[in-house]
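Reviewing the structure listed below.
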Amino acid sequence: MMKDIQPVISVNNLVAKYGEKTILDGITVDILPGEVTVILGGSGCGKTTLLKNILRLYEPFSGSVKFWGEEILQMDENEFSTVLKKVGMLFQNGALLNSISIYDNVSIPLELHTKLPPDIIDKIIRVKVNLVGLTHALHLFPSELSGGMKKRAALARAMAMDPKILFCDEPSAGLDPLTSAALDDLIKELKKQLNMTIVIVTHELASIHRIADKLIFLDAGKMLFYGTLEAAMKANIPQIDTFFRVGRF
Amino acid sequence: MSCKFVNSVLSFEGELTARNLPKLMVEASSLIGKNKPSMIDLAGVQAIDSAGVAYLDQIQIQFASKGILLLKGSTPETQAVIDTFTSLKLPLPIPVAKIGFFESIGSSVIEAYESMYKAALLASEIYYWSFVGLFNHKGQRKGSLIQQAALLGSQALPIVALLSFIIGFILSLQSAVQLRNFGANVFIADLLAVTMVREMGPMMTAIIIAGRSGSAIASEIATMQVTEEIDALKMMALSPIRYIVVPKFHAISVVMPILVAFSIMVGMIGGGIIALGYLGLSLETFLKRSIEIITLKDLVVSMGKSVVFAWVIVIIGSYFGFQVKGGAEGVGKATTASVVASIFAVIVLDAMFSLLYL
Ligand SMILES: Nc1ncnc2c1ncn2[C@@H]1O[C@H](COP(=O)(O)OP(=O)(O)O)[C@@H](O)[C@H]1O
Ligand SMILES: [Mg+2]
């Protein structure tokens, strides 16, 4: 075991609530660099909530979240935005801006955060859109795309700034198996070529087998398990065994 | 981060990333000048991102015509990033066709013509189903006539009342001073009655209803269109026009004349305050003169006009609702467009109706 690897994200005793309702009740976990970490759990158990609290889209009730060893919950907006520029997020339903084309959606972070000349930005946009296989849809609007295409376009936008960490909320939900497999291949490729750290919420058993380095199991606000797939299968935790037997939640 | 240009070898050192690139590009191009690099040395590059790769691609394209340019010395990590993000193998961008000035005028004329045609088609369908719906309620939402009448009509009552009162008040206030100069105080009643009945009552009410109910109709239908509810209705073998529009059409045809009558009365009260309070008319004279000046023709035209306005508002609202394009943001556009178009239509129609008095 290599004990001295610095975690990219460390979450410590994170508690998240909506009003009085506690959704996450003390989550502690380290996300390691260059790994694909899959978050698993039943629908409504708080997977999206966990991602959003880690990224301060919701302020956690208590606990600590560190990115590269730095506590982010106390950061002011400026400090935190330098962290955010190194992080990409693919939202559950894409969250593309509907009033502008795919090309413009991908260009937003590049134009607002960098001083790069237009022809360089243009190249970057085309490369990113090509990576997700949407070159033919470059100038279409989100409303002209199918669900799977929207997800892929959103992935291109999340990738625009070459993030070091990529969060994906159910990227393959609602996609056909082929598209979903292609997305997994892309994620594996990104991990291998760019040494990217990826945190991903998914229910697809096939997908987990293909991409997961580590699993996080959430249930009733607690983390039941963190570790590799093999360890999960041997862990003798009833909920996890059920998941692997039935194939999904 | 720096770069060197020695023996036509361009070499970079440090991080070739989006943050450093703007400065670096200036530095490199001044070093290169008019010479042509034969090789790019990446041995000193510690990190590279897609912006850096795009820049390397750009240099390669720039000098490609003068012979092939080699990259050398990149670490496996750097090379992996280059392989992932290179744009050199991308399909060429398809140039977007520019539309000329006259072409764009032409196409917008055609578009306007087509939308008139479609609106007329929709209107005829609405009239047909509304007529059928008078005798046969099948395929309409149950109990929706009363609900729609309440929604479109009675909820607009307070705002119609308030605005009509203010209009009547302002009208007589502005005229009162002039009439008084001529000692023609008593004519305030005539002026007020004719203006409210012929013009202000129907038009003010129609504009309020266009803003309130026309927009509601457009956004309701547009939302249903965007969320595939319209398609779902069609698949249940229901006509969306019959199910959604006809109840509104019936409701508004009944409610609008009532609102207009109400508006006229409240307007008269607003004006009456000035007539009685400022010009010193007696209540009896005011009422008598008002009633005498109004002819049957005035009332018929006024009520007829209000029904026509109501129809136009429903038809335009539904038209923009059904025509919605795009997702959620299309709903907003459809709503705005429907309000602008129906207020425009109401005013133009009102002008046409005034020809009846020539
Ligand atoms: N904005 C919100 N306000 C209140 N409750 C919420 C909100 N968002 C989610 N919840 C609740 O929190 C729980 C977890 O939601 P979520 O994290 O979206 O689940 P999932 O694991 O399916 O992503 C659910 O019970 C949901 O009802
Ligand atoms: Mg979720």
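The values are calculated or read from the model by the stated rules, or taken from the named source; none is laboratory data. Worth saying up front: this structure is predicted, and the values here are computed from it rather than measured. Positions of Cβ are backbone-derived with ideal geometry, glycine not excepted, and every protein chain shown enters the neighbour counts.
Within the range B:148-174, the set of residues being small (Gly, Ala, Ser), farther than 20 Å from B:Pro202 by Cβ and buried (at least 20 other Cβ atoms within 10 Å of the Cβ) is empty.
For B:Asp298, the conditions (1) crowded, with 18+ Cβ neighbours inside 10 Å; (2) at pLDDT 90 or above all hold with the exception of (1). The criterion of at least 3 residues that are within 16 Å of ligand 2 (Cβ to nearest atom), free of Cβ contacts under 8 Å to residues at least 40 places away in the same chain and over 30 Å from B:Ala47 (Cα atoms) is met by none of the helices (runs of 4 or more DSSP H) wholly inside the range A:172-249. Screening the candidates B:Leu71, B:Leu90, B:Leu10 for the property of being closer than 20 Å to A:Lys123 by Cα and assigned to a strand (DSSP E or B) yields one hit, B:Leu71.
From the list B:Gly280, B:Gly201, B:Gly211, B:Gly304, the lone residue that is buried (at least 19 other Cβ atoms within 10 Å of the Cβ) and small (Gly, Ala, Ser) is B:Gly201.
What about B:Ala328, is it under 30 Å from the mean Cα position of the chain (by Cα) and away from chain A (no Cβ under 14 Å)? Considered against the rule, which asks whether it is under 30 Å from the mean Cα position of the chain (by Cα) and away from chain A (no Cβ under 14 Å), B:Ala328 comes out as no. I'd like to check something: does the range A:130-149 contain any residue that is closer than 23 Å to A:Lys85 by Cα, away from ligand 1 (no atom under 16 Å from the Cβ) and touching a strand residue (DSSP E or B) at 6+ places or on another chain (Cβ under 9 Å)? No; the residues of the range A:130-149 include none that is closer than 23 Å to A:Lys85 by Cα, away from ligand 1 (no atom under 16 Å from the Cβ) and touching a strand residue (DSSP E or B) at 6+ places or on another chain (Cβ under 9 Å). Filtering the range A:72-104 to residues that are within 13 Å of chain B (Cβ to nearest Cβ), closer than 29 Å to A:Leu145 by Cβ and away from ligand 1 (no atom under 16 Å from the Cβ) leaves A:Lys85, A:Lys86, A:Gly88, A:Leu96, A:Leu97, A:Asn98, A:Ser99, A:Ile100, A:Ser101, A:Tyr103. The combined condition, being at the interface with chain B (Cβ under 10 Å from one of its Cβ atoms), closer than 28 Å to B:Val26 by Cα and surrounded by fewer than 20 Cβ atoms within 10 Å (Cβ to Cβ), is fulfilled by A:Lys115. Of all residues in the range A:24-54, exactly one satisfies the criterion of being touching a Leu at 6+ places or on another chain (Cβ under 8 Å), within 23 Å of A:Lys188 (Cα to Cα) and part of a loop (DSSP other than H, G, I, E, B), namely A:Gly41.
Reported count of residues in the range B:56-86, each being modelled with pLDDT of 85 or more and among the hydroxyl-bearing types (Ser, Thr, Tyr), is 4. Residues that are touching a Gly at 6+ places or on another chain (Cβ under 6 Å), away from chain B (no Cβ under 14 Å) and within 14 Å of ligand 1 (Cβ to nearest atom) occur in the range A:3-18; there is at least one. Among the numbered conditions (1) free of Cβ contacts under 8 Å to residues at least 60 places away in the same chain; (2) assigned to a loop (DSSP other than H, G, I, E, B), the only one that A:Leu96 does not meet is (1).
Test B:Glu13 against the stated conditions and say whether it is more than 12 Å from chain A (Cβ to nearest Cβ), acidic (Asp, Glu) and surrounded by 12 or more Cβ atoms within 10 Å (Cβ to Cβ). Yes; evaluated as a whole, the condition is true for this residue. State yes or no: is A:Ser180 buried (at least 16 other Cβ atoms within 10 Å of the Cβ), away from ligand 1 (no atom under 16 Å from the Cβ), more than 14 Å from chain B (Cβ to nearest Cβ) and closer than 27 Å to B:Gly327 by Cβ? Yes; evaluated as a whole, the condition is true for this residue. Could you please find all residues in the range A:130-147 being under 22 Å from the mean Cα position of the chain (by Cα), over 19 Å from B:Thr84 (Cβ atoms) and more than 7 Å from chain B (Cβ to nearest Cβ)? Result: A:Leu145, A:Ser146, A:Gly147. Residue by residue through the range A:154-171, note down the ones that are assigned to a strand (DSSP E or B) and within 16 Å of ligand 1 (Cβ to nearest atom). Of everything in the range A:154-171, those that are assigned to a strand (DSSP E or B) and within 16 Å of ligand 1 (Cβ to nearest atom) turn out to be A:Phe167, A:Cys168, A:Asp169. Out of everything in the range A:1-31 that is surrounded by fewer than 16 Cβ atoms within 10 Å (Cβ to Cβ) and polar (S, T, N, Q), what residue ends up being farthest from A:Gly44 (Cα to Cα)? The extreme case among them is A:Gln6. Residues of the range B:110-136 being touching a helix residue (DSSP H, G or I) at 6+ places or on another chain (Cβ under 6 Å) and among the aromatic types (Phe, Trp, Tyr), which ones? The answer is B:Trp129, and nothing else.
Whenever a residue of the range A:48-63 is under 13 Å from A:Gly26 (Cα atoms), its partners that are within 13 Å of ligand 1 (Cβ to nearest atom) and of a type in the set (D, E, K, R), lying with C-beta atoms within less than 6 angstrom and at least six residues away or across chains, give the pairs A:Phe61/A:Lys17. Scan the range B:117-132 and tell me whether some residue there is without any contact (Cβ under 8 Å) to a residue 40 or more places away in the chain and within 14 Å of chain A (Cβ to nearest Cβ). Looking for residues that are without any contact (Cβ under 8 Å) to a residue 40 or more places away in the chain and within 14 Å of chain A (Cβ to nearest Cβ), one finds none in the range B:117-132, hence no. Could you tell me which numbered condition A:Ser64 fails, if it satisfies all but one of (1) touching a Leu at 6+ places or on another chain (Cβ under 7 Å); (2) in a helix (DSSP H, G or I); (3) of a type in the set (S, T, N, Q)? Just one mismatch for A:Ser64, condition (2).
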